[in-house]
Amino acid sequence: MKKIFLVTLFLVGALTVQSQELKWYTDVKEAITVSNKEHKPMLMFFTGSDWCGWCIRLQNEVLTTPEFKKWAVDNVVLVELDYPRRTPQTPELKSQNNELQQAFGIQGFPTIYFTSAESKDGKVNFKGLGQTGYVAGGPTAWLTVADGIIKPKKS
């Protein structure tokens, strides 16, 4: 009887983990803290969530898939930097996102920038690892590109 109960408890726990949503940070300072604590780079997703067709396509074909979710939990801290046209944002969030768009020289959407960062004396220093955008071929093709950026082959 106890064994059956333990197995059932384990399965319920496994299902809960599978259905959890990914944590996307919108506050870059908070994401930097988590990134440094977990020793993972940040995946900064520059998107126009309510108007950019390629951004929506990237979301649907890659960023919401089980393959991406599993990869993201193991490899990166997720940061969404949104530039919506219809969805309201706080002035602080707009300002932060605009500053980051300028700092990284983002000219088109979607852009995904991989970076690590450290805060020193109130200033943030970013170390760029690479960037990508929409990649045709679904999660497998996209994750191959992402792994090439965050896990470069040693010569």
Practice task
Please give the contour-minus-distance gain from Arg57 to Lys29: 0.36 nm per residue of separation, less the Cα-Cα distance, rounded to one decimal in nm.
Solution key: 7.3 nm
Exercise for the section: Quick one: go through the stretch 57-74 and flag any residue whose amide nitrogen is under 18 Å from the point 7 Å out along the Cα-to-Cβ line of Thr87. Expected result: 57-65
Completion exercise
In nanometres, the difference between 0.36 nm per residue of separation and the alpha-carbon distance of Asn75 and Ala141 is 22.1 nm
Exercise for the section: Could you state the angle between the C-alpha long axis of helix 138-150 and the longest principal axis of the C-alpha atoms of the chain, as a value from 0 to 90 degrees rounded to the nearest 10? Expected result: 70
Practice task
Quick one: work out the % antiparallel among DSSP beta bridges in the stretch 33-112, nearest 5.
Solution key: 25
Exercise for the section: Could you tally the net charge around Thr47, taking each other residue with its Cβ under 15 Å from the Cβ of Thr47, Lys/Arg +1 and Asp/Glu -1? Expected result: 0
Practice task
For the stretch 122-133, just list the computed ³J(HN,Hα) in residue order, Karplus coefficients 6.51, -1.76 and 1.60, θ = phi - 60°, integers in Hz, with x standing in for Gly and Pro.
Solution key: x, 10, 9, 10, 9, 10, x, 9, x, 8, 8, x
Exercise for the section: Rounded to the nearest 500, what is the 222 nm mean residue ellipticity of the chain from helices alone, with -39500 (n - 2.57) per DSSP H run of 4+ residues and division by all residues? Expected result: -14500 deg cm²/dmol
Handout entry: Among beta bridges that DSSP assigns inside the chain, antiparallel share in %, nearest 5
Key = 65
Problem - Within a Gaussian network of the chain (alpha carbon springs, distance under 10 Å), most fluctuating of Gln96, Gln107, Gln131 - result: Gln107
Exercise for the section: With a/c under 1.5 counting as rounded, go ahead and sort the stretch 70-155 into rounded, prolate or oblate using the C-alpha gyration tensor (a ≥ b ≥ c being the square roots of the eigenvalues; past the cut-off, prolate if a/b is larger than b/c, else oblate). Expected result: oblate
Fill in the blank from the handout: If the chain between Lys153 and Ser119 were fully extended at 0.36 nm per residue, the gain over the current Cα-Cα distance would be 9.4 nm
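Only the coordinates and a few stated rules stand behind these numbers; no lab work does. Keep in mind that this is a model prediction, so the values were computed, not measured. Glycine gets a Cβ as well: all are built from the backbone with ideal geometry, and neighbour counts include every protein chain shown.
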